[in-house]
1. Would you check if there is a residue in region 81-92 being over 24 Å from Leu25 (Cα atoms), without any contact (Cβ under 8 Å) to a residue 40 or more places away in the chain and part of a helix (DSSP H, G or I)?
2. So in region 164-182, with the set limited to residues that are charged (D, E, K, R) and touching a strand residue (DSSP E or B) at 6+ places or on another chain (Cβ under 8 Å), which one is modelled with the lowest pLDDT?
3. Just for region 140-154: of the residues that are open to solvent by 20 Å² or more (accessible area, probe 1.4 Å) and not charged (D, E, K, R), which one is farthest from Ser126 (Cα to Cα)?
4. Can you name every residue in region 1-24 that is farther than 20 Å from Ala159 by Cβ and at pLDDT 90 or above?
5. Between a first residue in region 173-191 that is over 17 Å from Lys22 (Cβ atoms) and open to solvent by 40 Å² or more (accessible area, probe 1.4 Å) and a second residue that is modelled with pLDDT of 95 or more and part of a helix (DSSP H, G or I), which pairs have beta carbons less than 9 Å apart while being 6 or more apart in sequence or on different chains?
6. I'd like the full set of residues that are more than 14 Å from Pro174 (Cβ to Cβ) and either outside any helix (DSSP H, G or I) or touching a Phe, Trp or Tyr at 6+ places or on another chain (Cβ under 9 Å) (or both), limited to region 109-136.
7. What is the residue count in region 25-43 for residues that are closer than 16 Å to Leu91 by Cα and open to solvent by 40 Å² or more (accessible area, probe 1.4 Å)?
8. Being open to solvent by 10 Å² or more (accessible area, probe 1.4 Å), out of contact with any strand residue (DSSP E or B) (no Cβ under 8 Å at 6 or more places or on another chain) and farther than 21 Å from Leu167 by Cβ is true for just one of Pro96, Pro74, Pro55. Which residue is that?
Amino acid sequence: MRPPLPAIVAASGLSSRMGTRKALLDAGGKTFLSRTVLSLKEGGASPVLVVVRDPSAAEGMEALASGGVVIRNPDPSPGSISSLQAGIRALPHEAPGVLFCPVDHPLFLATTVEALCAEFAAEPSSIIAPTYGGRRGHPVVFSRSLFRELLEDDLPQGARSVIHRYLETRVEVPVDDPGILTDIDTPADYQRHFPR
């Protein structure tokens, strides 16, 4: 039996555009980080690795409280690709692939994770992405066959540099989940989704 898909949550960024720590913002009664981890776990991902700058800081504590496994990113300056790389290096040896999601996409549903895991179990393609209204979103599944490429030093567009190599073979899974497209990077984004 194929082991479950683990997940990596990128939560080591500086949140410079938001101006405050994104992972700890409230997303309808749960923090961005907690909501992301719980959706992944409820959807069948295991373990859920949360990549942070400082495991002893609030993000690390929140990840543990949500049932995540905390991984340190020693250098988050290259962006979310550095979190993905730190997470890949910490994955269980038997992991057949990984679900990847930045913490600023907290509104996807557990049912989307279930659909992605089911698609990967049926047809373990190199890249599987959810779509809503024809647009691709997060989380994204990367097969183990891509780990070596995702760990390359020269990825000017981060994970997109690898994704673009596999556009012809990427599998898209339509889901009834607009949350896959919700990228909350700025105070205006936050206010639009969580008006006070």
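1. Initially, region 81-92 is screened for residues over 24 Å from Leu25 (Cα atoms), giving 85, 88-92.
Then keep just the ones that are without any contact (Cβ under 8 Å) to a residue 40 or more places away in the chain; that gives none.
Checking region 81-92: not a single residue is over 24 Å from Leu25 (Cα atoms), without any contact (Cβ under 8 Å) to a residue 40 or more places away in the chain and part of a helix (DSSP H, G or I).
2. Taking region 164-182 first, the residues charged (D, E, K, R) are 165, 168, 170, 172, 176-177.
With the extra rule that they be touching a strand residue (DSSP E or B) at 6+ places or on another chain (Cβ under 8 Å), the set shrinks to 170, 172, 176-177.
Numbers: Arg170: 92, Glu172: 96, Asp176: 97, Asp177: 98.
Top of the filtered list is Arg170.
3. Taking region 140-154 as the starting set, the residues that turn out to be open to solvent by 20 Å² or more (accessible area, probe 1.4 Å) are 144-145, 148-149, 151-154.
Among the residues that remain, those that are also not charged (D, E, K, R) are: 145, 151.
On the way: Ser145: 7, Leu151: 15 Å.
Here the answer is Leu151.
4. Across region 1-24, the qualifying residue is only Leu24.
5. Pro174/Ala115; Asp176/Thr111; Asp176/Thr112
6. Scanning region 109-136 gives Glu123, Pro124, Ser125, Ser126, Ile127.
7. Number satisfying all stated conditions: 1.
8. Values: Pro96 fails: out of contact with any strand residue (DSSP E or B) (no Cβ under 8 Å at 6 or more places or on another chain); Pro55 fails: out of contact with any strand residue (DSSP E or B) (no Cβ under 8 Å at 6 or more places or on another chain).
Only one candidate qualifies: Pro74.
The values are calculated or read from the model by the stated rules, or taken from the named source; none is laboratory data. Here the structure is a predicted model, which is why all the values come from computation and not from measurement. Neighbour counts are summed over all protein chains in view; Cβ atoms, including those assigned to glycine, are modelled from backbone coordinates with ideal geometry. All accessible areas refer to the heavy atoms of the entire protein, side chains included, with ligands and DNA or RNA removed. Shrake-Rupley method; radii C 1.70, N 1.55, O 1.52, S 1.80 Å.
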